[in-house]
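What follows is a single structure, and I will ask about it in a moment.
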Amino acid sequence: MIEIAANSRAKARASRKPSSDVVIALGIFGVLFVTLVTLFSLHQLGFIHRVNAEIAPYQSNAEMFRWRCPEYRKIDQLGGGTLCVVGAPWKAAEKRGILWGDSHALHFAPLVDITARKAGISLVVWYKCPPYIDQLNVKRWRPQQPSYSANCAKSRAAAMNWIGKSGDAKVVVLASAWYDGLSTLYQREGDKLSLTNGLKLMEIGLAKAISTIDPTKRDVLVMAQFPRFQNAPQPCNIARISGLMRRKCDPSALQISTAETRRLMDPVNTALEKAVATTKAQLIQTNVSVCQSDQCLTRLNGEFLYMDAGHIRRNLTPQTRTRLAKILGLDAAFAKIGRGALATPTAGLQMFGALTQE
């Protein structure tokens, strides 16, 4: 009986052993499964690599504002520090001068570099403060920086001293966030802070600055403010690139309405126009040339142009910088004062009709 039971159990175990066909099928299934997993992983890695490559230029403000200055020079009258020089090489330039302003002088610098170089003009970059803050006629209320206006006045005096006494200062380019901070401008303690009063003070201060620079002795260009977003656009821009939408972004978050830009900037543009009206200075209307349809230009050559709500990325590709400079009318403006052939000031506007958000 024991032997019969043992034989029965052996036969049962043998009956449960898979056949060779089943083993082969399982093997094929395993190979296919591993292959599919590998292919999916490679596809995902490729997707991640592509997304990472597209996001790389936007990974931080520091990266988006990164740009290699072509030349540096030490100018004793301007603090004695080493300053960036854009445009033609300083020693070989037909004209020299200064690009003066706040952070907007910095964000325009790569574009000015291209056009000034073609015109044979070399410019040292001086980016301490807006040129109209002198602590006498115009001050800025910044309680967190109580010495701001005094420091700006010193910076302004240094620039004016160099412009007036240096034989190199044949071109002066002024750039600023003219709209931003208007409601913080005042002349005397107790003055009402308002956008209306700020506009008047900015116009007066800029007119005085241009008069002191003296456009009868040198070329003066005033660059209007580039259009701005109401909120920082980069979170939605990165979500658009990656496709990983943690929360849905309204398409308008990556658009700038021309109508809204006109509402904000037209009063400022008018003040700028009045400030240069009685002089030989040129006004470059940068917020007009990029707003020729319902929406202002925010993408070009497939690149998103903005670092934050109001600054142009400085790490744009050379092709995009060159094209944007032409759209803004910088080529035409610098050609009028440099060695280039005379061009109409609206050249940037004329070519904009063929442009779309790219």
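Being among the polar types (S, T, N, Q) and in contact (Cβ under 8 Å) with a residue 40 or more places away in the chain is the requirement here; does Gln77 meet it?
So Gln77 passes the test.
Being more than 19 Å from Asn269 (Cβ to Cβ) and not aromatic (Phe, Trp, Tyr) is the filter here, so list the residues in the range 295-308 that pass it. Give the steps one after another, and end with the answer.
Within the range 295-308, the subset more than 19 Å from Asn269 (Cβ to Cβ) is 298-308.
Answer for the range 295-308, where residues must be more than 19 Å from Asn269 (Cβ to Cβ) and not aromatic (Phe, Trp, Tyr): Thr298, Arg299, Leu300, Asn301, Gly302, Glu303, Leu305, Met307, Asp308.
Out of all the residues in the range 203-215, is one or more of a type in the set (S, T, N, Q), surrounded by fewer than 20 Cβ atoms within 10 Å (Cβ to Cβ) and within 28 Å of Ser289 (Cβ to Cβ)?
Yes, the conditions are met somewhere in the range 203-215.
Any idea which residue in the range 262-284 is surrounded by the fewest Cβ atoms within 10 Å (Cβ to Cβ), counting only those that are hydrophobic (A, V, I, L, M, F, W, C) and in a strand (DSSP E or B)?
As a first pass, look at the range 262-284 and keep what is hydrophobic (A, V, I, L, M, F, W, C): 264-265, 268, 271-272, 275-277, 281, 283-284.
Cutting the leftovers down to in a strand (DSSP E or B) gives us 283-284.
Values: Leu283: 19, Ile284: 23.
Among those residues, the one meeting the criterion is Leu283.
Next question, about the same structure. Show the residue pairs that are 6+ apart or on different chains and have beta-carbon atoms under 6 Å apart, the first residue being within the range 310-331 and free of Cβ contacts under 8 Å to residues at least 60 places away in the same chain, the second being among the acidic types (Asp, Glu).
What qualifies is Thr320/Glu303.
Please work out which one of (1) over 26 Å from Gly205 (Cα atoms); (2) among the charged types (D, E, K, R); (3) more than 15 Å from the chain's Cα centre (by Cα) is the condition Asp308 fails and give its number.
(3)
Here is a further query. Looking at the range 76-88, which of its residues are surrounded by 12 or more Cβ atoms within 10 Å (Cβ to Cβ) and either closer than 14 Å to Ala119 by Cβ or of a type in the set (Ser, Thr, Tyr) (or both)?
Val86, Gly87, Ala88
Scan the range 175-214 for residues that are part of a loop (DSSP other than H, G, I, E, B) and over 20 Å from Phe108 (Cβ atoms) and jot them down.
The answer is Gln187, Arg188, Glu189, Gly190, Asp191, Lys192, Leu193, Ser194, Asp214.
Could you check Pro110 against (1) in contact (Cβ under 8 Å) with a residue 24 or more places away in the chain; (2) farther than 30 Å from Leu305 by Cβ and say which number it fails?
(2) is the only condition that Pro110 fails.
Quick one: in the range 179-213, of everything that is out of contact with any strand residue (DSSP E or B) (no Cβ under 9 Å at 6 or more places or on another chain) and of a type in the set (A, V, I, L, M, F, W, C), which residue is farthest from Phe334 (Cα to Cα)?
Among those residues, the one meeting the criterion is Leu195.
For the range 178-186, does any single residue satisfy the condition of being assigned by TED's automatic domain parsing to the domain that holds Ala335, of a type in the set (A, V, I, L, M, F, W, C), closer than 19 Å to Arg218 by Cβ and in contact (Cβ under 8 Å) with a residue 40 or more places away in the chain?
no
Since Arg73 meets every condition but one in (1) surrounded by fewer than 19 Cβ atoms within 10 Å (Cβ to Cβ); (2) under 30 Å from Thr184 (Cα atoms); (3) not hydrophobic (A, V, I, L, M, F, W, C), which condition does it not meet?
Here Arg73 clears every test but (2).
Among the residues of the range 285-297, are any crowded, with 17+ Cβ neighbours inside 10 Å, touching a Cys at 6+ places or on another chain (Cβ under 9 Å) and either free of Cβ contacts under 8 Å to residues at least 12 places away in the same chain or among the hydrophobic types (A, V, I, L, M, F, W, C) (or both)?
Yes - at least one qualifying residue is present in the range 285-297.
Quickly run through the range 130-180 and pick out the residues that are hydroxyl-bearing (Ser, Thr, Tyr) and surrounded by 14 or more Cβ atoms within 10 Å (Cβ to Cβ).
If the condition is that a residue be hydroxyl-bearing (Ser, Thr, Tyr) and surrounded by 14 or more Cβ atoms within 10 Å (Cβ to Cβ), then Tyr132, Tyr148, Ser149, Ser155, Ser166, Ser176, Tyr179 are the ones that fit.
Determine, yes or no, whether Gly340 is in the same structural domain as Val112 (by TED's automatic domain parsing) and modelled with pLDDT under 95.
Values: in the same structural domain as Val112 (by TED's automatic domain parsing): yes; modelled with pLDDT under 95: yes.
Yes: the conditions hold for Gly340.
In contact (Cβ under 8 Å) with a residue 60 or more places away in the chain and surrounded by fewer than 19 Cβ atoms within 10 Å (Cβ to Cβ): does that describe Arg66?
yes
Quick check on this structure: which one of Ala259, Ala309 is at pLDDT 95 or above, among the small types (Gly, Ala, Ser) and in a loop (DSSP other than H, G, I, E, B)?
From the options Ala259, Ala309, the qualifying one is Ala309.
The values are calculated or read from the model by the stated rules, or taken from the named source; none is laboratory data. This is a predicted model, so every value here is computed, not measured. Here the Cβ is made from the backbone with ideal geometry for all residues, glycine too, and neighbour counts use every protein chain on show.
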